[in-house]
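Encoded as structure tokens, the structure appears first; notes follow it.
The values are calculated or read from the model by the stated rules, or taken from the named source; none is laboratory data. What you see is a predicted model; the values in this text were computed from it and never measured. Note: ideal-geometry Cβ built from the backbone for every residue, glycine included; neighbour counts use all protein chains shown. These accessible areas exclude ligands, DNA and RNA; they are computed on the full protein's heavy atoms, side chains included. Shrake-Rupley method; radii C 1.70, N 1.55, O 1.52, S 1.80 Å.
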Amino acid sequence: MAYDLILRGGRVLDPSQGLDTTTDVAFSDGKVSAIGPCLKPDAATEVRDVSGAIVTPGLIDLHTHVYWGGTSLSVEPEAYCRGSGITTAIDTGSAGPGNFHGFRRHVIEPCPVRILAYLNVSFAGIFGFAPRVMVGESEEIRLLAPAEAVAVAQANRDLIVGIKVRVGTIGSGRSGTVPLDVGLQAADELGMPVMAHIDDPPPNYEEVLERLRPGDIITHSFHAFPNTPITPQGTVKRAVIAARERGILFDIGHGKGSLAFKVARVMLANGFMPDTISSDVHTLCVDGPAYDLVTTMSKFLCLGMPLKDVIASATINAARALQRPALGSLKPGSVGDATILKVENGRFDYVDALGEHLPGEKKIVPHGIVIAGRWWHSSGGPQASRT
Ligand SMILES: [Zn+2]
């Protein structure tokens, strides 16, 4: 078989296959085509020596804001993803049905990184998010647009993976659970999952969980009090455990206000790892405290989460949440995306949404990105060679 690209001699860490071994990975026609030792190139094959580095399925950031220029909170996706080893960025509700078409044409289609989206059930998406202008798009019930959201999602099923709803005093003011109930109606009609954002009550964490259906996602799930998943006694709330047993997925969505180390420590000590680790990158957290996906993953690594689980949370677990089984895996036949990483040892200062500092000894650093079977970007890591 003729390969377009071979990644040679890396530590291939792919939780979707329980794989952690030093070997080669080859790509053809935009897909992963082989894994194994000493894969043979031909004259047209690009060969990259990645020995000393880790090769994972392409990283998926399940919670980002990348409708750059169309919404005030969004960052520019190409530069962001290049810096964080991301091959698929999921925009969560920056756009609503009233402005998704601009997102598609002006941002998603020209971008070399794959962008998928949860569509906001509020008509114009997250339109009023800035340091001195903060208007929740779910505050005004007249903006909730389930029929329009269903129509736009039906017409863009290649890109739209679910419905986003923000509830809490920032996202929905005093509307309580009403926007979530409306979003769930749209998601039911579409047969798609909901990603529900929580911030401060109302509504309560428990009121949100009890509405969610198996496969729905709660983001900002490791939020500090109020609306925290833990009890004052240092256990996980019963409603949280029951929701996981029902199939609700727990996403991090670090952002500006949503990851507290003291909550994460309790959750991990109780054996409750997040299903997905994501950045919630936006303009008010990209320069800290969240920074990006690999920094958020590094925090969990330093909190004691095993590396294979940290990688799973941004690859196969995210792909499952998206219901896109061809992503998040290096199984032959999967989408040909990979990320090349190193875990550096040293002394690193991490900070959470509450301003708590965590001295860490490990840092996940991206060294290269493969998208659709082509080497897209390297950042001081592996060097190119051609046979
Ligand atoms: Zn967000």
Item to check | For the chain: relative contact order, % (alpha-carbon pairs under 8 angstrom, 6 or more apart) | outcome: 20 percent
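How much mean residue ellipticity at 222 nm does the chain get from its helices, if each DSSP H run of length 4 or more adds -39500 (n - 2.57) and you divide by all residues, to the nearest 500 deg cm²/dmol? Intermediate results must be reported in sequence, preceding the final value.
Working: 10 runs with 84 residues, N = 387.
Rounded to the nearest 500, the figure is -6000 deg cm²/dmol.
What is the dipole size for region 1-74, taken about its Cα centre, with +1 at each Lys and Arg Cβ and -1 at each Asp and Glu Cβ, in debye to the nearest 20?
Numbers: 5 positive and 9 negative charges, 14 e Å.
Here region 1-74 has a charge dipole of around 60 debye.
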Checklist outcome for this item: The alpha-carbon center of region 328-361 and that of region 217-248 are separated, in whole Å, by 24 Å
Item to check | Proximal aspartates and glutamates relative to residue 308, as straight alpha-carbon distance under 20 Å, when same-chain residues fewer than 8 apart are discounted | outcome: 14, 20, 24, 61, 251, 275, 292, 337, 344, 361
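Roll a 1.4 angstrom probe over the protein heavy atoms and tell me the percent of accessible area of region 58-322 that is carbon or sulfur.
Values: 4900 of 9080 Å².
Of the solvent-accessible surface of region 58-322, carbon and sulfur hold 54 percent.
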Checklist entry - Calculated FRET efficiency, residue 49 and residue 174, Cβ-Cβ r, R0 51 Å, to nearest 0.05? => result 0.30
Checklist entry - Based on DSSP, what percent of beta bridges with both residues in the chain are antiparallel, to the nearest 5? => result 55 percent
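Given an 8 Å cut-off on Cα distances and at least 6 residues of separation, report the relative contact order of region 1-69 as a percent. Display every interim value, and only then the final one.
On the way: 122 pairs, mean separation 26.6, N = 69.
Normalised by residue count, the contact order of region 1-69 is 38 percent.
Given R₀ = 22 Å, FRET efficiency for residue 135-residue 101 by Cβ-Cβ distance, to 0.05?
For R0 = 22 Å, the calculated efficiency reads 0.45.
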Checklist entry - Taking only C-alpha pairs under 8 Å that are 6+ residues apart, what is the relative contact order of region 220-294 in percent? => result 33 percent
Item to check | Centroid-to-centroid separation of region 28-88 and region 274-293 [C-alpha atoms, Å] | outcome: 18 Å
Item to check | FRET efficiency, residue 344 to residue 151 (Cβ-Cβ, R0 41 Å, nearest 0.05) | outcome: 0.30
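Can you give the accessible area per residue of the chain, in Å², using a 1.4 Å probe?
Values: 14710 Å² over 387 residues.
Heavy-atom accessible area per residue stands at 38 Å².
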Checklist entry - Nearest 20 debye, what's the magnitude of the dipole of the chain about its Cα centre given +1 on Lys and Arg Cβ and -1 on Asp and Glu Cβ? => result 540 debye
Next on the checklist: Under a crude label model (7 Å from the Cα following the beta-carbon direction), how far is residue 158 from residue 237 in nanometres?
Outcome noted: 4.1 nm
Checklist entry - So what's region 227-374 giving for Cα Rg divided by 2.2 N^0.38 Å, two decimals? => result 1.07
Next on the checklist: Quick check: residue separation of residue 40 and residue 142 times 0.36 nm, minus the Cα distance between them. What number comes out in nm?
Outcome noted: 30.6 nm
